[in-house]
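Colleague: Let me give you the structure first, and then I'll get to my questions.
Bear in mind these aren't lab numbers, they're just calculated from the coordinates by the rules spelled out. These numbers come from a predicted model, not from an experiment. Glycine gets a Cβ as well: all are built from the backbone with ideal geometry, and neighbour counts include every protein chain shown.
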């Protein structure tokens, strides 16, 4: 159970950082859609509305799809939260927390706005064409941690 608490804390941190960063982009910086704000090379902020899933895949412009994605995201987050209760190691607990937080962060946007706010832009690197957000990063890094954990040799049961 102690690893589940850590997973939930990581999830909460991802949601808070994700929503604060999006608030800052929309309400403080007030970055117009498609406008770019240089931070430092190669990072710039370019605000877009993403109606699809991660990295703009599967664009969904119908309300049924929008709410279906919200329900699906929250359902997956709930299942992963239940899975976190059985974790006995740090790496999968962190991975699950990151994915849970990312799923919830993007579901909040989709419910509030009908689309997800994406703004982190490193396209100037030349090999990464997507604009993303902190929730997307949490999901991606979390999945990588879960995959790495699955490749670790399992210790025999004592």
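Colleague: Can you bin region 66-158 into rounded, prolate or oblate? Criterion: square roots of the alpha carbon gyration tensor eigenvalues sorted a ≥ b ≥ c, rounded for a/c under 1.5, prolate for a/b above b/c, oblate for the rest.
Modeller: Working: a/c = 3.47, a/b = 1.44, b/c = 2.41.
Because a/c hits 1.5 or more and a/b fails to exceed b/c, region 66-158 counts as oblate.
Colleague: Considering all projection directions equally, how large on average is the shadow of the alpha-carbon convex hull of the chain, in square nanometres? Don't skip to the end; give the middle numbers.
Modeller: Values: hull surface 42.1 nm².
The orientation-averaged projected area of the Cα hull of the chain comes to 10.5 nm².
Colleague: Using Cα-Cα distances under 8 Å and only pairs 6 or more residues apart, what relative contact order does the chain have, in percent? All intermediate terms of the calculation are to be shown ahead of the outcome.
Modeller: Working: 254 pairs, mean separation 50.6, N = 158.
Worked out over the chain, it gives 32 percent.
Colleague: Sticking with this one: Students often check this: by mean Cβ neighbours within 10 Å, which of 37-48, 108-119 ranks highest, and how do the rest follow?
Modeller: Details: 37-48: 14.5, 108-119: 19.8.
Most protected by this proxy first, the peptides run 108-119, 37-48.
Colleague: Follow-up. Angle between the Cα long axis of helix 90-113 and the longest principal axis of the chain, 0 to 90 degrees, nearest 10?
Modeller: For helix 90-113, the angle is close to 30 degrees.
Colleague: At a 10 angstrom cut-off on C-beta neighbours, averaged per residue, how do the peptides 4-14, 97-107, 123-133, 145-155 rank from highest to lowest?
Modeller: Numbers: 4-14: 18.9, 97-107: 27.3, 123-133: 14.5, 145-155: 11.0.
Top of the packing list down: 97-107, 4-14, 123-133, 145-155.
Colleague: Here is a further query. Give me the angle, in degrees from 0 to 90, between the Cα long axis of helix 2-23 and the longest principal axis of the Cα atoms of the chain, rounded to the nearest 10.
Modeller: 0
Colleague: Per residue of the chain, what 222 nm ellipticity follows from adding -39500 (n - 2.57) for every DSSP H run with n ≥ 4, rounded to the nearest 500? Provide the component values of the computation, followed by the final result.
Modeller: Numbers: 4 runs with 86 residues, N = 158.
The helix contribution divided over the chain gives -19000 deg cm²/dmol.
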